[in-house]
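S.K.: Handing you a structure now.
The values are calculated or read from the model by the stated rules, or taken from the named source; none is laboratory data. The structure displayed is predicted, hence computed values, not measured ones. Because the Cβ atoms are built from the backbone with ideal geometry, glycine has one as well, and the counts that use them run over all protein chains shown.
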Amino acid sequence: MAVGGGYLIYRGASGQCGLYNRLGIDRSGSSGGARPDVSDSAPEVKRSVTVDRPPEELHDYWRDPEHLNELVGDFATIEEREPNRLHWTVNGPLGRVMEWETEIVEDSAGEVLRWETVEGTRLPSEWTVRYQDASGDKGTIVSLEVRFDPPGGSVGAVLIERLGIAPKTIVDETLRRFRSLAETGEVPTLEHDPSARGSGDVV
């Protein structure tokens, strides 16, 4: 069941079949050109770090596709194929490739940046970056919120992790890379150290 379910989610995320029909999920009400909304019940992962830089400067890192590629690391390859729109390619196990597109839906420098999956995506997701002044004039608190909304609820959430999409790991490692890049100009190489020694706190 896990292998079969994971394969269906892979097929849906890669746009190669009618995933919801095969799972018996009726999403006809969301068609007709509407954005595939992430449901309120979709699992959300939120983490924050404090970075010794002003918020306007930090905003540029997330806005630049080249820097964003460095931040997400091995999770995905990101291309800007048209303004404000990004194409994501994720290499899953056994040579499987999943692809989707997101577009920026909210962009306020130094305050918030949010992008969502576009029409036709079978694995809706939402990424939000928020900025807040740290107390004592000690930089900026940067929060990253990520939601994936796979079909099948909690079962689907487990299956997408088997396909290499583990939201908690993605958020934690992305923020660690981000802080290092913003403060030192380099991305840490020991990204998969389970103890996270020397990387600082991600909360």
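S.K.: Note down all Cβ pairs under 7 Å where the first residue falls in region 81-107 and is among the polar types (S, T, N, Q), the second is not in a strand (DSSP E or B), and they're at least six residues apart or on different chains.
M.R.: Once the first residue is among the polar types (S, T, N, Q) and sits in region 81-107, its partners that are not in a strand (DSSP E or B) give Thr89/Ala76; Thr102/Val118.
S.K.: Scan region 129-140 for residues that are closer than 28 Å to Glu161 by Cβ and either surrounded by fewer than 20 Cβ atoms within 10 Å (Cβ to Cβ) or touching an Asp or Glu at 6+ places or on another chain (Cβ under 7 Å) (or both) and report the count. Explain how you work it out, then say what you get.
M.R.: Going residue by residue through region 129-140, those that are closer than 28 Å to Glu161 by Cβ are 129-130.
Add one more test, that the residue is either surrounded by fewer than 20 Cβ atoms within 10 Å (Cβ to Cβ) or touching an Asp or Glu at 6+ places or on another chain (Cβ under 7 Å) (or both), and what stays is 130.
Total meeting the criteria: 1.
S.K.: Continuing with this model, one more query. From the residues in region 129-149 that are among the polar types (S, T, N, Q) and not in a helix (DSSP H, G or I), which one is farthest from Asp52 (Cα to Cα)?
M.R.: Looking at the filtered set, the residue picked out is Ser143.
S.K.: Assess whether Val155 counts as being at pLDDT below 80, assigned to a helix (DSSP H, G or I) and not aromatic (Phe, Trp, Tyr).
M.R.: yes
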